[in-house]
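What follows is calculated from the coordinates using simple rules that are stated; it is not laboratory data. Since this is a predicted model, take the numbers as computed values, not measurements. Don't worry about glycine lacking a Cβ; one is built from the backbone with ideal geometry, like all the others, and counts go over all protein chains shown.
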Amino acid sequence: MTEKKVLDLIRREMPKQPPEVRKFNFNEVAFGYSEELAVEEAKRCIQCKKAHCVQNCPVEIDIPAFIQCVADRNFAEGIRIIKQKNCLPAICGRVCPQEDQCEKVCTLVKKEGQLAIGRIERFLADWEARQGHVDMPEIPEWTGKKVAVIGGGPAGLTVAGDLILRGHKVTIFEALHKLGGVLVYGIPEFRLPKAIVNREVDYLKSLGVEVYTDFVVGKTQTMDSLLEEYDAAFVGSGAGLPWFMEIPGENLNGVYSANEYLTRLNLMKGYLFPTYHTPIKAHKRVAVVGGGNVAMDCARSALRLGAESRIVYRRSREELPARMEEIENAEEEGVIFDFLTLPLRYNGDASGWVKEMIVQKMELGEPDASGRRRPVPIEGSEVAVPVDAVVCAIGNSPNPLIGSTTPGLLLGKKGNIEADEETGKTSRDKIWAGGDVVTGAATVILAMGAGRKAANSIHEYLMGGDGE
Amino acid sequence: MYKIIASRMIVPNMHILTIEAPVIARQVQAGQFIILRAEEEGERIPLSVSDWDRARGTITTIFMNIGSTTSRLSQLASGSFIPTVVGPLGNASEIEHFGTVLLIGGCYGIGSLYPVARAMKEKGNRVLVVIEARSSYLFFWEDRYRVLVDKLLHITRDGSKGLKGHIGRIPEILTALDEPVHRVLINGCTFCLKRGSDATRELGIKTVVDLNPIMIDGTGMCGVCRVSVGGMTKFACVQGPEFDGHEVDWAELAQRRKSYMAEEVIPLRTSKCEEHAHQSEEVS
């Protein structure tokens, strides 16, 4: 019955809170597709025989299949197909950089009408949640094997989800008091509501995943002592020490790492102080140093707390590493962008609070090792910018706690755990690793992809193979 | 959830809390700390561990009732539960056979100093302890120290016991001792740590301080606990909490500790009237 379709190249927009409203609240920015919009959008898919989108998905979701289900209004089947490969669809539908993955290679992209795969994924996950009934997959009989997962962020949650579905017992050890890692401490409520993270975490628990929060492997118990109890372990312990620029004044009051600023807000719910007891200051002028997604999150959070908020970035708009959608959101909401600007030092007031940043203007020179044009300082271009808070969002090193307490675990130059790219195997028997602790700061979906590969390798190993 | 086994005021405004936390009790060493939350909406705060019972699976902490979290903690009855206790965090004290060590504990530091004294003694050190408080009625655990250490000395602000004054009198104590001291270690408030370090600097005695900056996660992720030590930025939660007192930038630490002084007590002053009103409306 399929007739030759006329290509529909209009991506359906997702309804959003208007910028002038949302910049004053922490509620989710985008409302998500209605059923009608989702179906319309899904119908634009031309069901390529050779689906590049699937190849470009780190967790290899059968994208054309679930899109077809949505076009046919068979939502239950659609979400089932996604969940075969991805146990966190409501999260990935929101925070995956689809424009660099599945949507980038969509056949329709040639006419700039690439299918909004992420939005449809999000729609299905939210649709399922609204049904109030989640289909439970069948869990095979226990294999007799036990796996310890260190860190309850995206990588660890993926490993846990994958291995429990294969009949292994899985225990997650989480250092913080809540599961989710960067999904709960880092990504703000307006981009990823915490209720959604909790929903996905509860789903894993309902599958039988055992969880210990407040448990710092390496401190509360060493890796080696855990391995006396468990047949294998996956380390996805995520971010470590935040980087600063090592310029004068960075230890003044009011200078935060992005991790601190976001943790106060998100994990500790500082924006609801004093109902929640962790304070966050009502700053007037906040400068966020950096140009990635984390920088956008900080700048947009600062706006919502009532500040004038600016991004200070040493290159130009072209080079911003953040997702275009987040950059546009930030621009719409009124975040000021100081491009080609490099902080040199911070000056404080008499009581030790930051009061201004001295910045230097830059121009773009020859391309550097990353292929981006190198920013070169313009002599004599220093100016003082008045600020009462600075958030340093230039990245962090991998978490050091496991590496420093696990003898024989090979570490890279930056303190990252060395792990095989294809399998996640580390230099130690029975230990796998993935996510930011291996790669340094990256994305949620890359961490999930690494978790997926490691889970496969762990499963093979547990079932008698060598995990290769 | 973690069960409060015992809770009482040990001296005015100072509380002792024993918590059931078997995995922490099994691992904890002198000099380490825990992070806890007193309630679901609560802040994460670090507290030094003052004692533990590995067999019973309990840890004990002594703290001053100073902000909203410690206030809430101090009101908890035995048998109640708190949502978060995580640890043991930070590095253990450096405990070796140094010879003669002088350990100084001020206020709540008298509590966290105790396991250090015990470990130093076990390593065969001659252990001299100075405890310091505003007045003699604020001392505690003197009996425990008396049976453990080689010498116990007192300083009180009002002169009600031992030397009159504060930790600045340490040089006199050192002179009067008439024996060489190989290492000084101080637990207490930032002021006490700083003045103690100032006092030993000229004498050239290695002085170790147990720092207490603001922390959130306590695992090296947030960076709020950074301190300048010897011109380098260090993260107290994973690289400390013990540092060389002669290398610490005290002005910066004192400033950073004051960041949220105003906010620390605000949750105490909110009556939550609105919330309660809504709740009672829903009920009726």
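Details
- Annotation: amide H-H contacts under 5 Å for B:VAL248 (H modelled 1.01 Å from N, sequence separation of 5 or more, or interchain): B:GLY230.
- 24 Å Cα-Cα threshold exceeded, pairs from A:LYS83/A:LYS453; B:LYS206/B:LYS258; A:LYS110/A:LYS194; A:LYS169/A:LYS453: B:LYS206/B:LYS258; A:LYS110/A:LYS194
- Here is the P(r) of the stretch A:244-394: all C-alpha pair distances, binned every 5 Å from 0, give 2, 10, 19, 22, 21, 15, 7, 3, 1, 0, 0 in whole percents.
- Of the DSSP H helices in chain A, those whose Cα atoms cover at least 20 Å axially and whose Kyte score averages -1.0 or more: A:117-131, A:444-462
- Legend: mean number of C-beta atoms from other chains within 10 angstrom of residue C-beta atoms, peptide A:210-221, equals 5.
- Rounded to 10°, Cα long-axis angle of helix B:273-283 versus longest principal axis of chain B: 40
- Peptide ranges A:252-265, A:54-67 listed from the most packed, as the mean C-beta count within 10 angstrom indicates: A:252-265, A:54-67
- Look at the alpha carbon pairs under 8 Å that are at least 6 residues apart: their mean separation over the length of the stretch B:100-257 gives a relative contact order of 19 percent.
- Averaging the sequence gap over all C-alpha pairs within less than 8 Å and six or more residues apart, then dividing by the number of residues, gives chain B a relative contact order of 16 percent.
- A simple count of charges around A:SER351, restricted to other residues whose Cβ falls under 13 Å of its Cβ and scoring Lys, Arg +1 and Asp, Glu -1, yields +1.
- Counting Cβ atoms of other protein chains within 10 Å of each residue's Cβ and taking the mean over peptide A:389-396 gives 1.
- Mean ellipticity per residue at 222 nm, deg cm²/dmol - from DSSP H runs of n ≥ 4 across chain A, formula -39500 (n - 2.57): -9000 deg cm²/dmol
- Taking every alpha-carbon pair under 8 Å whose residues sit at least 6 apart, the stretch A:117-207 reaches a relative contact order of 26 percent.
- The simple spin-label model puts a point 7 Å past each Cα toward its Cβ; for A:GLU246 and A:CYS48 those points are separated by 4.4 nm.
- Whole-number D in µm² s⁻¹ for chain A, Kirkwood Cα-pair radius fed into Stokes-Einstein, 25 °C, 0.890 mPa s: 105
- With a 10 Å cut-off around each Cβ of A:273-286, the average count of Cβ atoms from other chains is 5.
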